[in-house]
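Reviewing the structure listed below.
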Amino acid sequence: MKERARELKASSRRGSRADKAAEDEAAVLAKIAEMQESDRVMAERIHAVIKASAPDLAPKLWYGMPAYAKDGKVVCFFQSAQKFNARYATFGFSDQANLDDGSMWPAAYALTELTAADEARIAELVKKAVN
């Protein structure tokens, strides 16, 4: 919660929209750089996949995790395994994502590694989430 409070305080600073966007992306990249190697490699690839497949999503920190937002609302996020001492990292979607499929659908995915097929699936899900 302390991280979230710092994020909100930082986002309330005055400045141009472009400056805030650049600061937010720099904060996401810094957070990714702090991760253990296995999580860092996955987070870097996910960041690149999201930037390529959904350029309208803006990187930002959300509860200390790299996240990607549309119109200020988080659509998806990456949670490193180390954050909660879990055995796997998680790539998840918020309720803002347009992934509805019947009465039940996955909203988070466990990641132990990231293959080319996984990257393609993430790109597909992210595109669907923002439409």
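First select every other residue whose beta carbon is under 15 angstrom from the beta carbon of Val41; then total the charges, Lys and Arg +1, Asp and Glu -1.
Values: positive: Lys31, Arg40, Arg45; negative: Glu34, Glu37, Asp39, Glu44, Glu113, Asp118, Glu119.
With Lys, Arg at +1 and Asp, Glu at -1, the neighbours total -4.
Take every Cα pair under 8 Å whose residues are at least 6 apart in sequence, average their separation, divide by the length of the stretch 86-131, and the relative contact order is 49 percent.
Would you compute, from DSSP H runs of 4+ residues alone, the mean residue ellipticity of the chain at 222 nm, taking -39500 (n - 2.57) per run and dividing by the full residue count, rounded to the nearest 500?
Value at 222 nm, helices only: -15000 deg cm²/dmol.
In this structure the amide hydrogen of Tyr109, modeled in the peptide plane, comes within under 5 Å of the amide hydrogens of Phe91, Gly92, none closer than 5 places in sequence on its chain.
So which trypsin sites (Lys or Arg not before Pro) in the stretch 20-113 end up in coil per DSSP with only 12 or fewer other C-beta atoms within 10 Å? Show your work: numbers first, answer last.
Values: sites: Lys20, Lys31, Arg40, Arg45, Lys51, Lys60, Lys70, Lys73, Lys83, Arg87; in loops: Arg87.
Passing both the DSSP loop test and the Cβ count: Arg87.
Suppose all protein chains stay in the model; what accessible area per residue would a 1.4 Å probe give for the stretch 13-131, in Å²?
Working: 7050 Å² over 119 residues.
Result: 59 Å² of accessible area for each residue.
In the stretch 1-121, a dipole from Cβ-located charges (positive for Lys and Arg, negative for Asp and Glu) runs towards its positive end, and of Leu29, Ala18, Phe78 it is Ala18 whose Cα lies farthest in that direction.
Relative to the Cα centre, the charge distribution of the chain, modelled as +1 at Lys and Arg Cβ and -1 at Asp and Glu Cβ, gives a dipole magnitude of about 540 debye. Potential lengthening of the chain between Glu37 and Glu23 amounts to 2.7 nm, from the contour at 0.36 nm per residue minus the alpha-carbon distance.
Positive end of the dipole of the chain (Cβ unit charges, origin at the Cα centre): among Gly92, Leu61, Ala48, the Cα lying farthest that way belongs to Leu61.
Among the lysines of the stretch 17-131, pairs at least eight places apart or on separate chains and with Cα atoms under 23 Å apart come to 25. The amide H of Val75, built 1.01 Å from its N in the peptide plane, has Tyr68, Ala69, Lys70 as neighbours under 5 Å, considering only residues 5 or more places off or on other chains. Rounded to the nearest whole Hz, the Karplus-based 3J(HN,Hα) values (6.51 cos²θ - 1.76 cosθ + 1.60, θ = phi - 60°) of the stretch 94-109 follow the sequence 8, 6, 7, 6, 8, 10, 3, 8, x, 9, 8, 8, x, 10, 8, 10, with x at glycine and proline.
The values are calculated or read from the model by the stated rules, or taken from the named source; none is laboratory data. Because the structure is a prediction, the values reported are computed rather than measured. Positions of Cβ are backbone-derived with ideal geometry, glycine not excepted, and every protein chain shown enters the neighbour counts. For accessibility, only protein heavy atoms count, side chains too; no ligands or nucleic acids. Shrake-Rupley method; radii C 1.70, N 1.55, O 1.52, S 1.80 Å.
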